[in-house]
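K.L.:
Dumping the structure here so I can ask a few things about it.
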Amino acid sequence: MKVKWFVYSFSAAMIVIIPLIISAILITIGLSSGSSSSSNKFTYDFCPKDGDANITNLLEPIRKNNKVPAICAAVVTSDGLKCVGAVGVRKIGTEVPVTINDKWHLGSDTKAMTATVIGKLVEDGKLKWRDTLGEIFAELESSMHEKMKNVTVLQILSHRAGLTANLDWPGISQNGTLQEQRYNAVKQAISQKPESMPGTKYVYSNLGYVISGAIIEKITNSTYEEQITKLLFEPLDMKSTGFGGTGTIGQIDQPWPHNDNGAPAGTNGLKMDNPLVMASAGCVHCSMADWGKFITDQLRGAMRKDALLQQNTYEAIQMRHFDDDYALGWGVVEREWGDGDVLAHCGCNTMNLANVWIAPKRDFAIVVCVNQGGDAGFKASDEAVGAIINYYFKKPASKETASK
């Protein structure tokens, strides 16, 4: 069965996947409010470049044709970052160039990182993939809906827990610490009848990954942010990581967020993102080089090379567990250009977009970031991935090759 968690685009050398739930809550709470003017008033002829010339030459026309402020892309192998290039400006209407060292918002591409932290806890014997909510949150049993008690960690990470996509995150974020907010999200979620019988139906759920963050906190008696830093960022030497929007408020010192019409958001900084209660579902930001370190580790794991975790842990994270195309934080789809199954995911908080594809049998991965959300940001990232694949594998993009 092919699940409906992605939409299809044939503009590149593959079918691009993007979750239907990509933090659209930002629209409802007004964080992305800015100028409503059309992006047509801006000029895209000024296009500074930084990094590898082969990459920037591919990105420049894509950036101009799609009228996005900036694109950054990198090629990654199991040996590390192979090349990276960036084109455009941090904020449209200015001439402040993006650089290859800038920090980019990853959105739901955070989910694979959260699944990896869970995997480490499983390795350490602190958790099992088949542990249930009733076992982990035993103190809440009296208020837990009967059908939620046997929901497993594996089902949650696979979007098979019967959970709704989102809760009222702005409301939940009004009171308590982030740890308390996530616990409150758990209490609210498990008290309700599941929307479908757990284990039977795929429903993409940010809530599930917020609950995953709460599970990490419950098991370790510390915060999600502390644990992902300790178990993932520090061992992989990812020094630029953070949570929430990027940049110093009012300063154009990082890529500025842009609305789907191309207009810059009203402001920037930490709070220009979904509420941080959602960090484990999609609030990580980092440099392209540091994201590349995580992707290198995932690629090495997929290729059975020495990596951060044990081989069977990567297999659990990267394999299909149900009759659909989602693993644990990764989409898994077959592509001819990848010589078989590839891993992919897309993240967007409506003002930034991140896209990643990993082809283990090719020892090859591509990561792309755009500081604009919406159709233009997605299309630009899609075309960038396709152009880089074509450049490296000399295979023309078409609908026919994309679907094979």
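The values are calculated or read from the model by the stated rules, or taken from the named source; none is laboratory data. Owing to the predicted nature of the structure, the values given are computational and were not obtained by experimental measurement. Note that each Cβ is placed from the backbone with ideal geometry, even for glycine, and that neighbours are counted across all protein chains shown. Protein only, heavy atoms only, side chains kept; ligands, DNA and RNA dropped before computing areas. Shrake-Rupley method; radii C 1.70, N 1.55, O 1.52, S 1.80 Å.
K.L.:
Tell me the net charge near THR177. Cut-off is 13 Å between Cβ atoms, THR177 excluded, with +1 for each Lys or Arg and -1 for each Asp or Glu.
P.N.:
-3
K.L.:
May I ask you to derive the relative contact order of region 178-230, considering only C-alpha pairs under 8 Å and at least 6 residues apart, and to give it as an integer percent?
P.N.:
44 percent
K.L.:
Next question. Toward the positive end of the charge dipole of the chain, about the Cα centre and with charges on Cβ (Lys, Arg +1; Asp, Glu -1), which of GLY247, PHE233, TYR326 goes farthest?
P.N.:
Of the listed residues, the answer is TYR326.
K.L.:
Evaluate the relative contact order of region 293-404 (contact order divided by residue number), counting alpha-carbon pairs under 8 angstrom at least 6 apart; express in whole percent.
P.N.:
It rounds to 18 percent for region 293-404.
K.L.:
Listed highest first by mean packing, meaning other Cβ atoms within 10 Å per residue, what order do 339-347, 151-159, 244-252, 117-125 come in?
P.N.:
Output ranking for 339-347, 151-159, 244-252, 117-125: 151-159, 339-347, 117-125, 244-252.
K.L.:
If you don't mind, there's one more thing I want to ask. Per 0.36 nm of contour for each residue apart, how much would the distance between ASN65 and PHE46 grow if the chain were fully extended, relative to their Cα-Cα spacing?
P.N.:
5.6 nm
K.L.:
Quick check on the chain: helices-only [θ] at 222 nm, where DSSP H runs of length 4 and up contribute -39,500 (n - 2.57) each and the sum goes over total residues. Nearest 500, please.
P.N.:
Using -39500 (n - 2.57) per qualifying helix, the result is -9000 deg cm²/dmol.
K.L.:
Can you tell me the Rg and Dmax of region 197-237, counting just the alpha carbons, in angstroms?
P.N.:
Considering region 197-237 through its Cα atoms, Rg and Dmax are 13.2, 41 Å.
K.L.:
Related question: Give me the 1.4 Å probe accessible area per residue for the chain, excluding ligands and nucleic acids, in Å².
P.N.:
Here the residues of the chain average 37 Å² of exposed surface.
K.L.:
Continuing with the same structure: Quick check on region 56-204: take the gyration tensor over C-alpha atoms, sort the square-rooted eigenvalues as a ≥ b ≥ c, and tell me if it's rounded (a/c under 1.5), prolate or oblate.
P.N.:
prolate
K.L.:
So, one more: Name the shape class, rounded, prolate or oblate, that the alpha-carbon gyration tensor gives for region 268-404, where a ≥ b ≥ c are the square roots of its eigenvalues, rounded holds for a/c under 1.5, and otherwise prolate holds if a/b is larger than b/c and oblate otherwise.
P.N.:
oblate
K.L.:
Summing +1 for each Lys or Arg and -1 for each Asp or Glu, what net charge is found among the other residues whose Cβ lies under 13 Å from the Cβ of CYS348?
P.N.:
-3
K.L.:
Of the lysine pairs in region 80-141, how many meet both conditions: Cα atoms under 28 Å apart, and a spacing of 8 or more in sequence or different chains?
P.N.:
Within region 80-141, the lysine pair count is 12.
K.L.:
Can you list residues whose amide H is under 5 Å from GLN192's amide H, if they're 5+ apart or on another chain and H is modeled 1.01 Å from N?
P.N.:
Counting only residues 5 or more places away or on other chains, the set is HIS145.
K.L.:
In what sequence, highest mean first, do 356-363, 254-261, 322-329 appear when ranked by Cβ atoms within 10 angstrom?
P.N.:
Answer by packing, highest mean first, reads 254-261, 356-363, 322-329.
K.L.:
Another question, if that's okay. Can you give the angle from 0 to 90° between the axis of helix 206-220 and the longest principal axis of the chain, with both taken from C-alpha atoms, to the nearest 10?
P.N.:
Rounded to the nearest ten degrees, it is 60.
K.L.:
For SER287, what is the net charge nearby, where nearby means another residue's Cβ is under 12 Å from its Cβ and Lys, Arg count +1, Asp, Glu -1?
P.N.:
Combined, the nearby Lys, Arg, Asp and Glu give 0.
K.L.:
Another question about this same structure. Going by amide H atoms built from the backbone, whose H comes under 5 Å of the H on ASP325, apart from near neighbours?
P.N.:
Residues meeting the amide H criterion: VAL3.
K.L.:
Please work out which option in [x] 30, 59, 11, 0; [y] 24, 52, 17, 5, 2, 0; [z] 16, 32, 36, 16, 1 gives P(r) over Cα pairs in 20 Å bins from 0, in percent calculated from these coordinates, and answer with its label.
P.N.:
[x]
K.L.:
For the chain, calculate the relative contact order in percent as a whole number, restricting contacts to Cα pairs under 8 Å that are 6 or more residues apart.
P.N.:
Relative contact order, the chain: 27 percent.
K.L.:
Let me ask something else. Assuming R0 = 56 Å, can you tell me the calculated FRET efficiency for the pair HIS321 and ALA53, based on Cβ-Cβ distance, to the nearest 0.05?
P.N.:
Once the sixth-power term is evaluated, E becomes 0.85.
K.L.:
Sort the following peptides by mean Cβ neighbour count (other Cβ atoms within 10 Å, averaged over residues), highest first: 372-378, 54-60.
P.N.:
Descending packing order for the listed peptides: 372-378, 54-60.
K.L.:
Taking the Cα atoms only, what angle lies between the long axis of helix 53-66 and the longest principal axis of the chain, rounded to 10 degrees?
P.N.:
80 degrees
K.L.:
Output the pairs from LYS201/LYS239; LYS230/LYS305; LYS201/LYS293 with a Cα-Cα distance over 31 Å in this structure; if there are none, say none.
P.N.:
LYS201/LYS239; LYS201/LYS293
K.L.:
Sticking with this one: When the accessible area of the chain is split by element with a 1.4 Å probe, what percent falls to carbon and sulfur?
P.N.:
49 percent
K.L.:
Please say if region 65-125 is rounded, prolate or oblate, where rounded means a/c under 1.5 for a ≥ b ≥ c the square roots of the C-alpha gyration tensor eigenvalues, and otherwise the choice is prolate for a/b larger than b/c and oblate otherwise?
P.N.:
Because a/c hits 1.5 or more and a/b exceeds b/c, region 65-125 counts as prolate.
K.L.:
What's the angle, to the nearest 10 degrees (0 to 90), between helix 374-393's Cα axis and the longest principal axis of the chain?
P.N.:
Long axis of 374-393 versus the principal axis of the chain: about 70 degrees.
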